[in-house]
Amino acid sequence: MTTVQDTPAAPVRAVGTGHARVEGREKVTGAARYAADLPFAGLAHGWLVLSTVARGRIRAVETAPVLAMPGVLAVLHHGNAPRLETDFTSIMGQRPDPVLGLFQHDRVPYAGWPVALVVAERPEQAREAAEALAVEYDREPHDVAFSAGRPGTYVPEGPTPIGPAEVVVGDAEAELAASAVVVDADYTTPEEYHSALEPHAAAARWDGDRLDVVDSNQGTQWVAGDLAQLFSLDRASVRVRSEHVGGGFGSKSTRPHLVAAAMAATVLNRPVRVALTRRQTFALCGYRSPTAQRVRLGADPDGRLRVLDHQAQNLTSTEHEFIEASAAPGRTLYRAAAHRTVHRLVRLDVPTPAWMRAPGEAPGSFALESAIDELAEKCGLDPIELRVRNEPEAGPVSGLPFASRNLLACFAEGARRFGWADRDPRPGVRREGRWSLGTGTAAAVFPVVAAPSTAEVTAEADGSFTVRINAVDIGTGARTAIALVAAEALEVAPDRIRMHIADSDLSPAAFAGGSMGTRSWGWAVSAAAGELKERLALGGGIPPEGVTVRSDTTKALGALAQKERDSFGAHFAEAAVDTATGEVRVRRMLGIFAAGRIVNPLTARSQFIGGMTWGISMALHEEAFRDAASGGLVGADLAGYHVAANADVPLIEADWVEDIDPDDPVGIKGIGEIGIVGAAAAIANAVWHATGVRHRHLPIRPDRVL
Ligand code: MOS
């Protein structure tokens with residue numbers, strides 16, 4: 001295998017040239033079928049009924065009147081549902097969220113907990129009956145109030161899914177005492193929702209003795225494994241497909257609608273679909289926890305950091321522990337004699353939060369990169385120069401060498417293109433009529449990983465090639481990206497490649513998350529394709545069944561040298577603040593990334609821009625309100641929960657500097673999540689520069705600006 005170090009020093013090109021999505025025509029003509037679109041003969045429709053109380057017990061479910069309604073086939077609830085097995089560890093290495101144990105007891109731990117499923121011949125009948133279903137509760141007092149250090153706050157002990165909750169290097173208090181310049185500030189971010197364009201939906205049917213499911217998810221193998229466990233089936237008896245998925249962002253894991261569809265299909269012995277409304281996705285599909293963060297930075301007068309202390313708190317449910325790794329980014333970004341990061345939790349009567357694009361890094365980078373800007377101001381240094389002075393030689397906490405690190409190259413290129421050199425560092429000096437103008441910058445970092453994956457590449461007798469890999473294209477263009485990786489390895493035109501993805505009957509591969517998809521799948525596909533090319537070069541012709549090569553990256557990944565491996569980036573934003581109304585407008589944004597070798601520049605740029613757009617949304621708009629009295633969300637839809645729309649988003653440019661992972665056969669790192677990391681901080685820093693006022697609580701609403 002040729003490694004990247006062996007290649008000549010000529011600039012490394014992207015994998016492929018800008019290539020439109022191979023399924024683009026299907027999508028824009030409506031031919032692409034999503035999980036809620038697929039026709040099944042004899043399909044029945046399920047509608048979930050969610051708890052209206054935030055804590056208590058179900059006293060009665062009045063099924064009789066509803067069963068008499070037109071078309072109604074069944075009402076499933078805790079009194080009649082088949083038993084599920086919930087005591088298992090999923091392939092993600094964690095126990096399932098207890099909400100997947102659908103209708104297994106009468107307890108209600110939060111508002112929005114699924115309490116019943118009404119199944120009818122038609123979706124309208126199911127919905128009407130579900131809305132008519134009377135559920136009586138014995139209410140208990142609930143508590144949904146999140147705040148920093150409130151009673152019940154704790155530091156999780158032992159290993160957690162994000163490693164130890166507290167990491168300490170050096171003596172933070174001593175370094176703080178010795179610091180000439182100190183920033184000590186509190187930041188908060190609100191509850192935020194994934195809001196994928198396509199709401200979750202699943203259809204399940206029994207095909208002989210196999211459970212056959214179409215679902216909108218980020219990993220068919222993951223979901224099939226969970227279903228097999230829940231229903232005590234052989235893994236081989238479950239097939240899950242998700243051919244087209246309209247956005248995931250971390251929310252499209254195994255979710256209750258899928259369990260409901262499988263349960264109803266089993267009970268009724270006919271195909272059943274359960275599609276969620278937008279409102280139901282707010283209750284059932286996870287969210288980004290609100291955070292309360294404290295950042296303490298201590299530095300010498302020249303800006304060199306002595307201590308970086310980042311303490312973060314998020315909420316979780318009473319049912320399941322979820323930790324938002326908000327304090328993690330500082331462990332990689334800056335050198336300091338002492339590093340301390342702490343993650344605290346508080347359990348409330350709310351649904352369990354979940355991964356949401358750049359979980360941890362997104363809210364955490366807002367706090368850290370705002371604090372770094374505050375430190376630059378206190379030291380009288382340009383914020384980029386401050387970062388230059390704190391650039392580490394190796395992982396500041398891990399001590400490991402960087403696989404590659406081109407963060408300063410991102411800042412240099414970004415500063416040049418943004419016109420940073422002309423910036424007057426003084427805040428509040430640029431005016432344009434009633435607008436105050438300012439610019440800001442922030443760093444981005446996201447860890448690079450890969451998951452073991454298998455792939456098959458077949459040379460067909462007709463001269464085409466078939467790639468089989470259990471990837472999911474959640475809207476990123478993954479199908480196209482992998483085809484380009486295969487085409488490069490085979491040295492053939494991309495239009496000769498046919499892709500088969502998103503089917504749990506394919507052999508195992510990484511799920512579409514953690515910014516690891518393209519790297520994990522690309523590794524497996526390039527290995528199989530490279531070997532196939534060598535085999536074809538030996539000649540001998542292609543038999544009717546084709547020539548197939550299989551790959552498995554498990555061993556190669558196991559042998560990978562331990563390094564600090566991350567993608568990096570630098571954001572630049574210009575904000576205009578209306579000093580009469582408090583309105584903040586982002587005028588332009590530029591992101592420069594060092595994120596490994598780029599695959600398909602067209603869709604890669606879209607990924608970065610999508611993340612940055614979400615950064616605008618996070619900085620200025622997104623905020624869900626949980627009502628203390630009811631314990632439920634207020635305005636849980638896209639009218640009440642504003643996501644940045646076209647009018648909120650200016651010209652955004654995203655580009656990259658050369659950066660290749662020296663240990664990946666294609667040079668890939670990952671780009672899925674880094675676009676949002678630091679984006680909100682760059683905007684908040686621009687708002688400070690425009691006004692001279694720090695905004696430490698997101699979103700930066702007009703009422704907070706005034
Ligand atoms: Mo992502 S939050 O790993 O889908």
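The values are calculated or read from the model by the stated rules, or taken from the named source; none is laboratory data. Predicted model, so just to flag it, every value in this text is computed and none were measured. Reconstructed Cβ throughout: ideal geometry from the backbone, glycine too, with neighbour counts over all protein chains shown.
I'm trying to understand the selection: among the residues of segment 236-260, which are more than 25 Å from the chain's Cα centre (by Cα) and under 13 Å from SER216 (Cα atoms)?
Going through segment 236-260, the residues more than 25 Å from the chain's Cα centre (by Cα) turn out to be 236-238.
Matches in segment 236-260: none.
With the requirement that a residue be within 23 Å of ARG405 (Cβ to Cβ) and in contact with an Asp or Glu (Cβ under 8 Å, 6 or more places away or on another chain), what does segment 445-473 give you?
Result: VAL445, PHE446, PRO447, VAL448, ALA450.
If THR316 satisfies every condition in (1) under 16 Å from ARG626 (Cβ atoms); (2) surrounded by 23 or more Cβ atoms within 10 Å (Cβ to Cβ) but one, which is the exception?
The failed condition is (2).
Working only within segment 515-538, note down all residues that are among the polar types (S, T, N, Q) and either in contact with a strand residue (DSSP E or B) (Cβ under 7 Å, 6 or more places away or on another chain) or modelled with pLDDT under 95 (or both).
Hits for segment 515-538 are SER515, THR518.
Counting only residues that are within 16 Å of the ligand (Cβ to nearest atom) and either of a type outside the set (Phe, Trp, Tyr) or within 20 Å of VAL181 (Cα to Cα) (or both), how many does segment 337-384 have?
The qualifying residues number 13.
Could you tell me whether segment 179-186 includes any residue that is polar (S, T, N, Q), buried (at least 16 other Cβ atoms within 10 Å of the Cβ) and in contact (Cβ under 8 Å) with a residue 12 or more places away in the chain?
yes
Among LEU73, LEU100, LEU48, which is the only one that is within 30 Å of PRO452 (Cα to Cα) and either aromatic (Phe, Trp, Tyr) or touching a Leu at 6+ places or on another chain (Cβ under 8 Å) (or both)?
Details: LEU73 fails: within 30 Å of PRO452 (Cα to Cα); LEU48 fails: within 30 Å of PRO452 (Cα to Cα).
Exactly one residue qualifies, and that residue is LEU100.
Considering only strands (runs of 3 or more DSSP E) fully contained in segment 424-511, which possess at least 3 residues that are assigned by TED's automatic domain parsing to the domain that holds ALA595? Before you say what the answer is, go through the steps one by one.
Working: elements: 430-432, 435-447, 454-459, 465-468, 497-500.
Of the strands (runs of 3 or more DSSP E) lying wholly inside segment 424-511, those with at least 3 residues that are assigned by TED's automatic domain parsing to the domain that holds ALA595 span 430-432, 435-447.
The rows are residues; the columns are (1) exposed (fewer than 13 other Cβ atoms within 10 Å of the Cβ); (2) assigned by TED's automatic domain parsing to the domain that holds GLY475; (3) among the hydrophobic types (A, V, I, L, M, F, W, C).
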position	(1), (2), (3)
VAL15	no, no, yes
GLU23	no, no, no
THR29	yes, no, no
ARG33	no, no, no
LEU43	no, no, yes
TRP47	no, no, yes
ARG57	no, no, no
VAL66	no, no, yes
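For segment 353-368, what are the residues that are hydrophobic (A, V, I, L, M, F, W, C), over 10 Å from the mean Cα position of the chain (by Cα) and over 16 Å from VAL342 (Cβ atoms)?
Once the filter is applied, which keeps residues that are hydrophobic (A, V, I, L, M, F, W, C), over 10 Å from the mean Cα position of the chain (by Cα) and over 16 Å from VAL342 (Cβ atoms), segment 353-368 yields only PHE366.
Kindly provide the set of residues from segment 217-227 that are within 14 Å of the ligand (Cβ to nearest atom) and not polar (S, T, N, Q), ordered by number. Show your work before the answer.
Here is the first cut: in segment 217-227, the ones within 14 Å of the ligand (Cβ to nearest atom) are 217-219, 222-223.
Those that are within 14 Å of the ligand (Cβ to nearest atom) and not polar (S, T, N, Q): GLY219, TRP222, VAL223.
Would you be able to say whether some residue in segment 397-414 is of a type in the set (S, T, N, Q) and under 22 Å from the mean Cα position of the chain (by Cα)?
No, segment 397-414 contains no residue that is of a type in the set (S, T, N, Q) and under 22 Å from the mean Cα position of the chain (by Cα).
Please state which of the following conditions GLY158 fails to meet, knowing it meets all the rest: (1) over 24 Å from LEU117 (Cα atoms); (2) modelled with pLDDT of 95 or more.
(2)
Where in segment 589-706 are there helices (runs of 4 or more DSSP H), lying wholly inside it, with at least 1 residues that are within 16 Å of the ligand (Cβ to nearest atom)?
Values: elements: 601-620, 679-691, 702-705.
Counting at least 1 such residues, we get 601-620, 679-691.
Six or more apart or on different chains, Cβ under 6 Å: which pairs go from a residue in segment 539-550 that's assigned to a loop (DSSP other than H, G, I, E, B) to one that's surrounded by 15 or more Cβ atoms within 10 Å (Cβ to Cβ)? Could you list them?
From residues that are assigned to a loop (DSSP other than H, G, I, E, B), the pairs are ILE542/ALA459; GLY546/THR458; GLY546/ALA459; GLY546/GLU460.
For segment 482-513, give me each residue that is within 16 Å of the ligand (Cβ to nearest atom) and either over 21 Å from the mean Cα position of the chain (by Cα) or of a type in the set (Gly, Ala, Ser) (or both).
ALA502, ALA509, ALA510, ALA512, GLY513
Being over 30 Å from HIS310 (Cβ atoms) and in contact with a His (Cβ under 6 Å, 6 or more places away or on another chain) is the filter here, so list the residues in segment 184-235 that pass it.
Listed by number, the residues that qualify are HIS200, ALA202, SER216.
Yes/no matrix, rows are residues, columns are (1) farther than 25 Å from PRO699 by Cα; (2) in contact with an Asp or Glu (Cβ under 8 Å, 6 or more places away or on another chain):
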residue: ARG335; (1), (2): yes, yes
residue: ARG344; (1), (2): no, no
residue: GLU361; (1), (2): no, yes
residue: CYS379; (1), (2): yes, yes
